[in-house]
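Here the structure is laid out as structure tokens; the discussion comes afterwards.
Bear in mind these aren't lab numbers, they're just calculated from the coordinates by the rules spelled out. Computed from a prediction, not measured in an experiment: that's the story for all the values here. Neighbour counts run over all protein chains shown; Cβ positions are idealised from the backbone, glycine included.
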Amino acid sequence: MAFEDQRTTVYKVNPEHPESETLPTLRTEELLLNMGPQHPSTHGVLKVILELEGERLVKSTPVMGYLHRGVEKLAEDGTYHQFIPHTDRLDYVCAMYNNFAYCRAVEKLLNLQVPERAEYLRTIVAEVQRIIGHQFWLSAQALDIGAMTVFFYCFRDREILLDWFDELCGARLTTSWYRIGGVERDLTPALIDKLKQFLDYFPPKIDEYQVFLEKNRIWLGRTKGVAVISAEDAVSFGLSGPVLRGSGVDYDLRKYEPYSAYPKCEFSVPVGKNGDTYDRYWIRVMELYESVKIIRQCLEQMQEGPIMADAPSVTLPPKERVFTNLEAMIQQFKLFSQGFDAPPGEIYCGTEAHKGELGFHIVSTGGGKPYRLKIRAPSFIHMGAFDHMARGYMISDACTIFGTYDIVMGECDR
Amino acid sequence: MHPLLLRVQHTFSVGVTNASEWRGDVSVTVTRDKLREVAQFLHDDPGMDFDYIVHVSSVDWPDDEERFEVVWEFYSIRKRQRIRLKTRVPESDCVVDSLTDLWRGADFMEREVYDMMGIRFRNHPDLRRILMPDDYTEGYPLRKDFPLRGKGWRDTFDFLDEVPR
């Protein structure tokens, strides 16, 4: 037969003993399965070559780079300010935190102090972004493994925050609101009111998300004891964020290398025990409560003050002045066309984004452009542990593992 | 001087070519032949205890005699400290020792450095391109002599004539 498939003949019972249904006479072979590059649960374009024994994963080889845009090369060609919108496109689900991580790295290079109000604003918006990120993660992970309802509930609440972003900076996803030395604009009283309303509205909704999952047998069956990674392995692989904390390693840069307004806030870092998908889910849900706490404290503690550092040679002048004042316009033009003179040197600055440690390693030789800019993307590093975590589980668990990493290919491939 | 730097310099009297601290970042440069030894020391010594690999990066300095610089960044979960380890590689012999057996996460990170900068890692279990296609032949994109626009591969595409209906 022209279309005879080997696989159809594999499971025929041995003709010499037609009555026997025992397995030893069956011919078995490993099956290669390409998952992706177009697959709804890979969260972008990612291919994984799965070697299967039955339905068990024997080995998996991630094939990445479908979304590689050469962001690190582009960084070498533009000024420091011009790179901010590029960072939006790394992890396009959580643009604010990328801006934040990048601006912090450049400020470390310049040794620039950010005014206190700006620090509070940064922390508030970063935590709002963390809530959005975790909502997105929860909805995607639940959808991937068959719980669709949570998706709608999460997106309903996420929409409120995206509209809030829209009002804050004019964009819902690619925000570019952070600036080197501060932030682009202040929160208006209306925005603060809306945020306060949301903080009262949101915690009961987190309980609501949990109602769908906490006692759902399918959810528990597909998350408990799936993709277990020990603390030692997780550290050795360089995992970070909730994926590392799920294995019981207490590593959160907000706590141990505190930055911005985090040291002034009281919050706890949830740490898991078993290192399975369920623990990582639990950590992220707990972090939603913690984020609400942090935003509340920041709103209470925040005082009036400047939102941009007083360093005219580096920071951009306010937009109103650019449109009305000649000097300010010239300054803006010079900053964008030539950039500021960064001191020669080399820094690494890591920031706890909601996926993990997002770091920027910048090498400067002076002048307005970075000589080399390396992005430490948590998604990329988590993919390095994929083979280790997937080994021995079922094919359908591969989707669970993508979900539990909270992978975004824009960041993974850069 | 930072106590970590003193400790490394004291342990390796030869091999450490530079030790510095800038903006709070501690950084050690070692010669290529001592790299493996120093890394082992950073990983195993109880006072160092760098069990967590942060990232591997590379820098291209085309005018220097030893053109490439490979940068590792380590963190210690228990001691809460960071260190940066650097080494230089000449273009003619573009190989360094792989550290994958000490930190398993170095696997993908070193593959990325190989893909982007063309530095080979000795004893790496699976040294292939990772972000660029496997059959990419135009070189290593993050080298300074690689143009930002690429090497004109797209310009060689044939234009399709409009098909008459």
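Observations on the model:
- Equivalent ellipsoid dimensions for segment A:71-413 as semi-axes, Å, which come from the Cα gyration tensor, largest first: 35, 23, 16
- With one equal scatterer per alpha carbon and no solvent term, the Debye-computed log10 I(q)/I(0) for segment B:3-60 at 0.12, 0.20 1/Å reads -0.28, -0.83.
- Taking a straight Cα-Cα cut-off under 20 Å and skipping sequence neighbours fewer than 8 places away in the same chain, the lysines within cross-link reach of A:Lys369 are A:Lys73, A:Lys108, A:Lys334, B:Lys144.
- For chain A, the longest piece that avoids every one of the chymotrypsin sites (Phe, Trp or Tyr not before Pro) found in DSSP loops with at most 16 other C-beta atoms within 10 Å covers A:93-414.
- Mean separation of Cα pairs under 8 Å and 6 or more residues apart, divided by the residue count, gives chain B a relative contact order of 15 percent.
- Calculated [θ] (222 nm, deg cm²/dmol) that DSSP helices of n ≥ 4 give over chain A, each run adding -39,500 (n - 2.57): -14500 deg cm²/dmol
- Pairs beyond 23 Å (Cα-Cα), from B:Lys34/B:Lys86; A:Lys196/A:Lys355; A:Lys224/A:Lys273; A:Lys273/A:Lys355; A:Lys273/B:Lys79: A:Lys196/A:Lys355
- Between A:Glu159, A:Glu208, A:Glu300, the Gaussian network model of chain A with springs among Cα atoms under 10 angstrom shows the greatest mean-square fluctuation at A:Glu300.
- Across all Cα pairs in chain B, the calculated P(r) in 5 Å bins from zero up to the longest distance comes to 1, 8, 16, 19, 17, 13, 9, 5, 4, 2, 2, 1, 1, 1, 0, 0 percent per bin.
- For segment A:80-170, the Cα gyration tensor yields ellipsoid semi-axes of 29, 14, 11 Å (square root of five times each eigenvalue, largest first, whole Å).
- Mean Cα-pair separation over length for segment A:46-119, i.e. relative contact order, pairs under 8 Å, 6 or more apart, %: 16 percent
- Contact order for segment A:298-372, expressed relative to its length and based on alpha carbon pairs under 8 Å spaced 6+ residues apart, stands at 21 percent.
- Peptide A:342-349 shows a mean partner chain C-beta count of 5 within 10 Å per residue C-beta.
- Each semi-axis of the equivalent ellipsoid for segment B:44-117 is √(5λ) with λ an eigenvalue of the Cα gyration tensor; in descending order they amount to 25, 13, 10 Å.
- Under 12 Å from A:Lys319, Cα to Cα: aspartates and glutamates that are on another chain or at least 8 residues apart: A:Glu184
- Dipole-positive endmost among B:Gly139, B:Val8, B:Gln81 within segment B:3-156 (Cβ charges, Cα centre): B:Gln81
- Spherically averaged projected area of the protein assembly as shown from its Cα convex hull (nm²): 34.9 nm²
- Computed Kirkwood radius, in angstrom, where 1/r is averaged over Cα pairs of segment A:163-311: 17.9 Å
- Neighbouring partner chain Cβ atoms per residue of B:22-35, average, 10 Å criterion: 2
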